[in-house]
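What follows is one structure encoded as structure tokens, with my remarks underneath.
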DNA sequence: AATCTATATCGTAATATTGCAATATTAAAA
DNA sequence: TTTTAATATTGCAATATTACGATATAGATT
């Protein structure tokens, strides 16, 4: 079909999947990368940092925003993009649960 | 187009994106969840745990396997699926780098 | 007001993903 | 050796994603 059957999974599973999916494209990883390396918000500079056309970058930014991973506030005629630390914290919690379980499992496996 | 322009991003960005993408579907999150809760390998039991038809589950398992997140060894007429701890460790390293940077950035932002 | 700059939206083509029925495969069990 | 059980593969339909040119929008600058 092409559409995920989200209704049959837990909310948590869907939330994790949505965050992972949002980061499941190198351009979006690169955007997060860049926001982290500059160590502050970016106002009007992201398009030049990526090997993609402006509408494509805009689309990727929109997806990151929808997933809650970044925030964008209008700043004059540019837009200031930031990491949304709250969502990342949530993501990190999900992940530490998962990675925690892996350690416990160690050597219990074939 | 529909195809990602992977050649224009770093290997690391592509690797992270591939791992994220593999976990970017609730069914695949559920599979990993299940492998973790049973706390050992699963031999012939995964299909019944998911609200999806057998070929669909098989396909999702294949994707997790391609991403290196799980391993499958033939065990009689069933197949034993396990978490691939090595890949998860790599993934965890990538992520701790990212999350580490976020902490440093804190309060540097608009 | 006209222009520039940054970003978003629309429309659309190419490709990928999701899901499943039907069928194949493979090894154990009868 | 026929049957059963578990899993994979094929083929296909529905939908989603990716990318970008063209165009729109909105605020700053001249």
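Being surrounded by fewer than 18 Cβ atoms within 10 Å (Cβ to Cβ) and either within 10 Å of chain A (Cβ to nearest Cβ) or within 13 Å of DNA strand C (Cβ to nearest atom) (or both) is the requirement here; does residue B:29 meet it? So residue B:29 fails the test. Hey, could you check the range A:69-85 for residues that are free of Cβ contacts under 8 Å to residues at least 40 places away in the same chain and part of a loop (DSSP other than H, G, I, E, B) and say which is nearest to residue B:2 (Cα to Cα)? Out of the qualifying residues, it is A:84.
Count of the range A:1-17 residues, restricted to those that are under 24 Å from residue B:14 (Cα atoms), at pLDDT 95 or above and at the interface with chain B (Cβ under 8 Å from one of its Cβ atoms), is 4.
Of all residue pairs spaced 6 or more apart or on separate chains, those with beta-carbon atoms under 8 Å, a first member in the range B:1-24 that is over 15 Å from residue B:95 (Cα atoms) and a second member that is near DNA strand D (Cβ under 7 Å from one of its atoms) and in a helix (DSSP H, G or I) are B:4/A:27; B:5/A:27; B:9/A:27; B:24/A:21.
Can you find, within the range A:33-59, the residue that is surrounded by the fewest Cβ atoms within 10 Å (Cβ to Cβ) among those that are part of a helix (DSSP H, G or I) and more than 14 Å from DNA strand D (Cβ to nearest atom)? Of everything passing the filter in the range A:33-59, A:37 is surrounded by the fewest Cβ atoms within 10 Å (Cβ to Cβ). Scanning the range B:67-83 for residues that are near DNA strand D (Cβ under 10 Å from one of its atoms) and over 20 Å from residue A:101 (Cα atoms) yields B:74, B:75, B:76, B:77, B:78, B:79.
Only one of the listed residues (B:65, B:90, B:21) is away from DNA strand C (no atom under 14 Å from the Cβ) and either under 30 Å from residue A:50 (Cβ atoms) or within 13 Å of the chain's Cα centre (by Cα) (or both). That residue is B:90. Those residues that are near DNA strand D (Cβ under 9 Å from one of its atoms) and farther than 17 Å from residue B:22 by Cβ, I need them from the range A:1-24; list them, please. Hits for the range A:1-24 are A:1, A:2, A:3.
The values are calculated or read from the model by the stated rules, or taken from the named source; none is laboratory data. Note that the structure is a prediction, hence the values are computed from the model and not measured. Note that each Cβ is placed from the backbone with ideal geometry, even for glycine, and that neighbours are counted across all protein chains shown.
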